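Colleague: One structure, as structure tokens, below. Some questions next.
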Amino acid sequence: MIAKASGDESVTIETRATTPYDDQKPGTSGLRKKVPHFQQENYVENFVQAIFDVAPKEPSKTLIIGGDGRYFNREVVGRVVAMAAANDCERIVIGQGGILSTPAASNLIRKRNAFGGIILSASHNPGGPNEDFGIKFNTSNGGPAPENITNAIYERTKQISEYRIDPEVKADIDTIGETDLGHLVIEVIDPVADYAALMEELFDFDKIRNLFSSGFTMAFDAMHAVTGPYAHEILEKRLGAKEGTVRNGTPKEDFGGHHPDPNLVHAKALYDTMMKSDGPDFGAASDGDGDRNLIIGKGIYVAPSDSLAVLAANATHAKAYTDGLKGVARSMPTSAAADRVAEKLGLPHYETPTGWKFFGNLLDEGYVTICGEESAGTGADHVREKDGLWAVLLWLAILASRQQSVREIVEQHWLEFGRNYFARHDFEEIDKSVAETFMSDLRAMLPQLGGKTAEGFQVQSATDFAYKDPIDGSITEHQGIRIRFEDGSRVVFRLSGTGTVGATLRVYLERFEPGSEGLDRDVAEMLEPLIEAVDALVGYRRAIGRMEPDVIT
């Protein structure tokens, strides 16, 4: 133990010996493992110390801390606070109860000019003593750490031999207020207030209030996750949606025993409600940490790629975007529906790898306003994260302005821009070696696929996607395998970076039909011929030993 005076002789920093772990490489959005894995001796401390060792403390020595409230959240908040006190932080800002949605944390980092934030979440993954946990570092722009920083963190974890902690520093995270320790100020804040104020700046709340007062009804499923308090405050209190609009609104450590992923499998109860003839006019949900969204109208599910395109086409109905958009960006697996909107509006559009961090430079440099991923993530330049409630509020702004139903808006969009029939098939918990062997074999097969035909589909090109950042010139390779067909159809194979067990193979299927009548055909029916063609060409179902996906979105 090394004692260190810091303006207060009672301050004692301990330097404790540790040994490295070899599996602390961050994935698409932070380090995610099962809770028992994180509970190994010094596992949390090693990764957090690596963050402090690598992250530059600029423009200030302020750190934001919060999470989605899942099991192990409160304990890790305490550890991070004690370590931050020993690692040259001067102010720590914590969401009350250790709660902060990911977009709210991004907003606070930017608003407080912090050097970054440590967000404790495994996003849409389940929570509980034997379920998932995660730690993510966001940099001073409010966005997920870019690859040069996550790579540096990983390299540091492989070499780490000690960590620093002040075990005497503890925070009462349930009481709002400041504690001045002389060398450090710990501030516990209302996690909702700053975010709600930001939403009032972006949207005309009076107009949306009038929509609700006209008899418009809504159901929002918070999935016992972090957005419950945000939705209660914004939708019910500030916008006047009737009490009970927000369902499952109390955050729970295990998300009520459910999977906080806003898709048609895990939010089936909401979907069933919206398909009833007497169901609400508008349905929405968000995920564990509040960055994803699900949109359903009465009798119509809006796929994430379609939602992104509709929001881009109609954004000028919201107060913040009346002057138009600067540009649109989407992740490579996301359907090209948003591209068609951008092209018609004369806007720049960009295709990036999966991971919100790849949108950061485009947003920071003013190249784009709205970004989206097919995994139900949509956001804009107000923060540097995807933002579930923001997407819901933009839909409400459009509905209030256009005075049409969700179905009418979506069907008119298809008539104008055409429809990209799209689905993602997730094959979960595949043996990692099996999944990696399949992807390796597929890459080797790419040069031979050009021009081949199966089930009437002729291959136009087959490539391994690489991205060159237009701002800093950095190159990111092996981001997914794309097979394009002559009729505009497309399939993408990609291993997910968000799981915690085995490997998840994601297969993205897309078939375009130009604007015309009759674009409301069943998605599965439209994609089935494409599935058979792709399987005939590359034999993916046989290779992974699965005939049916675990989840379809």
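Values in this text are rule-based calculations from the coordinates and carry no lab data. None of the values given here were measured: they were computed from a predicted structure. Using ideal geometry, Cβ is built from the backbone for each residue, glycine included, and neighbour counts are taken over all protein chains shown.
Colleague: How much of the DSSP beta bridge set in the range 195-417 is antiparallel, as a percent to the nearest 5?
Modeller: Here the share of antiparallel DSSP bridges comes out near 50 percent.
Colleague: Size of the range 419-552 along its principal axes in angstrom, Cα-based, largest extent first?
Modeller: Reported extents, whole Å, longest axis first: 43, 39, 28.
Colleague: Give the order of Trp395, Trp414 when sorted by the count of other beta carbons within 10 angstrom, beginning with the fewest.
Modeller: Ranked by crowding around the Cβ, least crowded first: Trp414, Trp395.
Colleague: How about the range 280-367: which GluC sites (Glu not before Pro) there lie in a loop by DSSP and see at most 12 other Cβ atoms within 10 Å?
Modeller: Glu365
Colleague: Moving on. Compute the relative contact order of the range 14-190 as a whole-number percentage, counting only Cα pairs closer than 8 Å that sit 6 or more residues apart in sequence.
Modeller: 35 percent.
Colleague: Can you compute the FRET efficiency between Ala193 and Glu429 using 1/(1 + (r/R0)^6), with r the Cβ-Cβ distance and R0 = 45 Å? Round to the nearest 0.05.
Modeller: 0.65
Colleague: In 10 Å bins starting at zero, report the fraction of Cα pairs in the range 14-190 per bin as a rounded %.
Modeller: 11, 42, 40, 8
Colleague: Follow-up question, since we're still on this one. What GluC sites (Glu not before Pro) in the range 226-333 are in a loop by DSSP, with at most 11 other Cβ atoms within 10 Å of the Cβ?
Modeller: In loop regions of the range 226-333 (DSSP not H, G, I, E or B), the sparsely surrounded GluC sites (Glu not before Pro) are Glu243.
Colleague: For the Cα atoms of the chain, what angle does the longest principal axis make with the long axis of helix 193-202, in degrees from 0 to 90, nearest 10?
Modeller: It works out to around 40 degrees.
Colleague: Sticking with this one: Along each of its three principal axes, how wide is the spread of alpha-carbon positions in the range 81-127, in whole angstrom units, largest first?
Modeller: Principal-axis extents of the range 81-127 (Cα, largest first): 34, 23, 17 Å.
Colleague: Then there's this: Rounded if a/c is under 1.5, else prolate if a/b is larger than b/c, else oblate: which is the range 292-379, with a ≥ b ≥ c the root eigenvalues of its Cα gyration tensor?
Modeller: It is oblate, given that a/c is not under 1.5 and a/b is not larger than b/c.
Colleague: How would the range 378-467 be classified by its alpha-carbon gyration tensor: rounded, prolate or oblate, with rounded meaning a/c under 1.5 and the a/b versus b/c comparison settling the rest?
Modeller: prolate
Colleague: If I model a spin label as a point 7 Å beyond the Cα along the Cα-Cβ vector, how far apart are those points for Glu200 and Lys170 in nm?
Modeller: 3.7
Colleague: Starting from the 7 Å offset along Cα-to-Cβ, what nm value, one decimal, do you get for the label separation of Asn151 and Glu436?
Modeller: 1.9
Colleague: Binning every alpha carbon pair distance of the range 195-417 at 10 Å from zero, what are the percents per bin?
Modeller: Result, from short to long distances: 8, 36, 39, 15, 1 percent.
Colleague: Mind checking the range 273-336 for chymotrypsin sites (Phe, Trp or Tyr not before Pro) that DSSP puts in a loop (not H, G, I, E or B) and that have at most 14 other Cβ atoms within 10 Å?
Modeller: For chymotrypsin sites (Phe, Trp or Tyr not before Pro) across the range 273-336 that sit outside H, G, I, E and B with at most 14 neighbouring Cβ atoms in 10 Å, the list is empty.
Colleague: Still on this structure, I have one more. How big is the antiparallel share of DSSP beta bridges in the chain, given as a percent to the nearest 5?
Modeller: DSSP beta bridges in the chain are roughly 70 percent antiparallel.
Colleague: Looking only at the range 520-553, which residues have a backbone nitrogen under 14 Å from a spot 7 Å from the Cα of Lys452 in the C-beta direction?
Modeller: In the range 520-553, the label zone of Lys452 (backbone N under 14 Å from the point 7 Å along Cα→Cβ) covers 532-543.
Colleague: With the cut-off at 1.5 for a/c, could you classify the chain from its C-alpha gyration tensor as rounded, prolate or oblate?
Modeller: oblate
Colleague: Divide by every residue of the chain the summed helix terms, -39500 (n - 2.57) for each DSSP H run of at least 4, and state the resulting mean residue ellipticity at 222 nm, rounded to the nearest 500 deg cm²/dmol.
Modeller: Rounded to the nearest 500, the figure is -9000 deg cm²/dmol.
Colleague: How do Ile234, Ile119 rank when sorted from fewest to most other Cβ atoms within 10 Å of their own Cβ?
Modeller: Ile234, Ile119
Colleague: Additional query: Set Lys and Arg Cβ to +1 and Asp and Glu Cβ to -1, take the dipole of the chain about its Cα centre, and tell me which of Leu181, Ser121, Thr437 lies farthest positive.
Modeller: Thr437
Colleague: Can you pull the three principal axis extents for the Cα set of the range 327-480, in Å, largest first?
Modeller: Over the range 327-480, Cα extents along the principal axes are 51, 40, 35 Å.
Colleague: Relative contact order of the chain, please, whole-number percent, based on alpha carbon pairs below 8 angstrom and at least 6 residues apart.
Modeller: Rounded, it is 13 percent for the chain.
Colleague: Assigning unit charges at the beta carbon (Lys, Arg +1; Asp, Glu -1) and nothing else, what dipole magnitude in debye, to the nearest 20, does the chain show about its Cα centre?
Modeller: 400
Colleague: Please name whichever of Val406, Ala380, Gly290 sits farthest to the positive end of the charge dipole of the range 195-417, dipole taken about the Cα centre and charges placed at Cβ: Lys and Arg +1, Asp and Glu -1.
Modeller: Val406
Colleague: Need the C-alpha centroid separation for the range 369-418 versus the range 57-119, integer Å.
Modeller: The range 369-418 and the range 57-119 have Cα centres spaced 30 Å from each other.
Colleague: A further question follows. Can you put Asp88, Asp132, Asp272 in order, fewest other beta carbons within 10 Å first?
Modeller: Ranking Asp88, Asp132, Asp272 by Cβ neighbours within 10 Å, fewest first, gives Asp272, Asp88, Asp132.
Colleague: Taking the alpha-carbon centroid of each part, what is the distance from the range 140-162 to the range 476-553 in angstrom?
Modeller: When both Cα centres are located, 33 Å separates them.
Colleague: Just subtract the alpha-carbon distance of Asp272 and His37 from 0.36 nm times their residue separation and send over the number in nm, one decimal.
Modeller: Roughly 80.9 nm would be gained on extension.
Colleague: Which of Ser496, Leu308, Ala197 sits closest to the plus end of the dipole of the chain, meaning its Cα is farthest towards the positive end, when Lys and Arg get +1 and Asp and Glu get -1 on the C-beta?
Modeller: Leu308
Colleague: What distance in nm separates the simple spin-label points at Asn113 and Glu90, each placed 7 Å from Cα in the Cβ direction?
Modeller: 1.0
Colleague: To the nearest 0.05, how large is the calculated FRET efficiency for Val501 and Lys158 if R₀ is 22 Å and r is the Cβ-Cβ distance?
Modeller: 0.45
Colleague: Of the beta bridges DSSP finds with both residues in the range 208-322, what % are antiparallel, to the nearest 5?
Modeller: 55
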